[in-house]
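**Q** Got a structure for you, questions after.
Every read-out reported here was derived from the displayed coordinates using simple, explicitly stated rules and does not represent laboratory data. None of the values given here were measured: they were computed from a predicted structure. A quick note on method: Cβ atoms are made from the backbone with ideal geometry, for glycine too, and the neighbour counts reach across all protein chains shown.
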Amino acid sequence: MVTFYLWYTQKVLAGILILFFGFIGYSQTEEHPPCGDISGFLDIELAFQQDTIAMGEKVECCVKFINTSSEAIEFYPKGVIRLIRPFVTFGTAGYPLNDTIDVRKIIKLKPLERYEDVYDMEVEDSFFKKGENKLRVHYLYRNFTKEKEYDQLCGVLMSKEVNIVVVDPM
């Protein structure tokens, strides 16, 4: 009974975190300066170095930002970046690639130019399941300061689905 209670509590807390981080991107108050909607200027893509990986191994995960607008833009690539499943279920928090917003790194992209970030990650059974895993990358940047110098493009980006197959270790 205690085990079930702890398991259920963990799932509920993870669900609350998903709701919290999801609503952060959409909440707007007068205290914070408005910023440009990032989804009208950037696209995001997810790619893995390989399609099949063994449980417990490390894999490189590439997150690509593409300027889809006809003008040069600036954005913060170090927003909150997580791998998520396409159908997020209550209690699934995702796999964090970057949990800390870093406003010191600003990237300037010309029209149709790309920027890539590579993350090393371990294939863990706490997020990945054996067999086919359909994943997306979720990016969130929100200006939490009142200072205009940090007023760049903000909002949420979501990639298309990518498949990775997880097998037993050899």
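**Q** Determine the sum of side-chain charges near Lys64: Lys and Arg each +1, Asp and Glu each -1, restricted to other residues whose C-beta is under 14 angstrom from that of Lys64. Walk me through the numbers on the way to the answer.
**A** Values: positive: Arg114, Arg136, Lys160; negative: Asp43, Glu45, Glu60, Glu113, Glu116, Asp117.
Computed value for this residue: -3.
**Q** Where Lys and Arg each count +1 and Asp and Glu each count -1, what net charge lies around Tyr95 among other residues with Cβ under 9 Å from its Cβ?
**A** On the way: positive: Arg82; negative: Glu124.
That sum, taken over residues with Cβ under 9 Å, equals 0.
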